[in-house]
1. If I stretch the segment between Met21 and Gln239 completely, what's the gain in nm (0.36 nm per residue apart, minus their alpha carbon distance), one decimal?
2. May I ask you to compute the full-extension gain from Ala266 to Lys369, defined as 0.36 nm times their residue separation minus their alpha-carbon distance, rounded to one decimal in nm?
3. Determine, from the Cβ-Cβ distance of Leu339 and Ser29 and an R0 of 41 Å, the FRET efficiency 1/(1 + (r/R0)^6), rounded to the nearest 0.05.
4. How many nm separate the modelled label positions at Glu330 and Ser125, each set 7 Å beyond the Cα in the direction of the Cβ?
5. Report the gain in length on full extension from Glu13 to Leu346: 0.36 nm times residue separation, minus Cα-Cα distance, nm rounded to one decimal.
6. Mind listing the phi-derived Karplus ³J(HN,Hα) values for region 208-219, rounded to whole Hz, using 6.51, -1.76 and 1.60 with θ = phi - 60°, and x for any glycine or proline?
7. Would you mind getting me the FRET efficiency between Glu142 and Ile68? Use the beta-carbon distance for r and R0 = 56 Å, nearest 0.05.
8. Determine ³J(HN,Hα), in whole Hz, for all residues of region 58-72 in sequence, where each value follows from phi through the Karplus function 6.51 cos²θ - 1.76 cosθ + 1.60 and θ = phi - 60°; x replaces Gly and Pro.
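A short reminder: the numbers here are calculations on the coordinates, not readings from a lab. From a predicted model like this one, the values you see are computed outputs, not experimental measurements. Every residue, glycine among them, receives a Cβ derived from its backbone with ideal geometry; neighbour counts consider all protein chains shown.
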Amino acid sequence: MTKVHQRLISILEEFLEEKSMLNRAFLASRLHVSTKTIQKDIKLLNDILEEHGAKIESQRGNGYELEIIQTKKFEDFCVNVFQKQTEKIPTSYEERVAYILHRILTTDGYVKLSQLAEEIYVSKSTVNLIMKDVTDICSRYELQIEKRPYYGIRIVGEEFNIRSCLSQYGLPRYEHTPFHENYEQTDTYLSLPHISLIRSVILKYIEGGTIYLSDIEIDNLSIHIAIALKRCRDDHYIQALHVEESELIIKKEYKIAKQILGNLGAELKLQFPEEEILYVTMHLLSTAVTARDRYENVEELLGKDVYAFMQHILFKVAEERNLTFYYDEELLFGFGVHLKTLLNRLRYKLNTRNPLLAEVKKIIHMLLKLQFSLEI
């Protein structure tokens with residue numbers, strides 16, 4: 001069934017409530033769009049209804065009338081549409097920014113601002129305001145918005161940067177619900193198909209292995225791979241990685257990345273080129289923590305430079321605060337592995353989401369207030 005967006009549902013609701021003939025001007029005023037848009041929507045809605053026991057009759061000079069031909073079939077369709085098939089329309093400013101970013105990042109050709117305005121039910125002037133933030137976000141990822149008169153806008157930039165921007169800003173941040181329940185909704189612009197399968201495959205190859213990922217890191221990696229999979233299906237592959245291939249293929253993370261994509265490729269009948277394996281390897285290196293029990297000591301695990309740097313930091317903190325934890329191996333390990341993955345993220349120009357960020361900031365703010373009150 002053709003995807004039924006919210007405006008089509010609103011038109012159908014008008015027919016069901018009025019139970020009489022409706023003209024274009026009336027519908028346009030109710031939905032705050034042009035009569036031309038209503039004409040297009042009526043045609044689209046009629047094409048859908050004809051498959052489900054109803055049709056919209058047009059009478060010149062009078063308007064449109066809903067005719068129900070097969071009552072049961074039409075009722076079943078309405079239940080399905082109103083309960084399950086409603087496309088999520090962004091309402092908050094953050095959601096609208098995410099929608100427009102997602103739209104232009106995943107569209108091959110040009111998109112007109114007037115078209116974007118219609119899709120999210122706002123004025124063109126509102127879209128122009130949103131575009132200021134969209135342009136600013138894109139510039140952070142070395143992406144340019146190309147404008148062409150009478151055609152619209154499109155994104156120009158490297159695939160690596162498009163994916164990074166898409167993962168960070170083109171998707172909403174969900175709280176309190178399993179992430180896959182949101183991204184697997186196939187009737188929304190945000191859908192990331194097969195994300196549950198991706199998560200299970202990741203778990204298969206990291207459980208009991210040489211690296212460790214937290215639940216949050218598994219979710220983040222699943223999203224990055226799901227975006228990669230979607231982009232590959234649309235023939236958008238990573239063309240160049242600004243890192244030496246020989247540097248990555250010797251890592252244990254490369255073997256795990258190859259296993260994950262090999263399994264997914266077999267399941268989904270898709271072949272991933274070498275660059276995509278290297279891309280996932282970089283994400284693993286930027287999130288995964290090496291299992292400590294594989295090494296004799298923390299220095300061997302972290303490497304001499306990181307180990308020495310962490311010792312220096314903890315010594316200075318202990319000295320200033322009159323504490324004695326700088327020689328604690330567990331503390332060195334904990335800080336060190338996070339620093340190591342952070343350095344990899346900076347090196348490979350990768351970003352990752354932290355859904356606990358707001359909560360951490362809140363706790364830190366409370367602790368600072370408490371410290372200030374104690375000092376007074």
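1. Details: separation 218, 0.36 × 218 = 78.48 nm, distance 5.56 nm.
Length difference between fully extended and current span is 72.9 nm.
2. Length gained between Ala266 and Lys369: 31.6 nm.
3. 0.10
4. Distance between label points: 6.2 nm.
5. 114.8 nm
6. In residue order, the calculated couplings are x, x, 8, 10, 10, 10, 6, 4, 5, 5, 5, 4 Hz.
7. According to the calculation, E is roughly 0.55.
8. With the stated coefficients, region 58-72 comes to 10, 10, 4, x, 10, x, 10, 9, 7, 10, 8, 9, 10, 4, 4 Hz.
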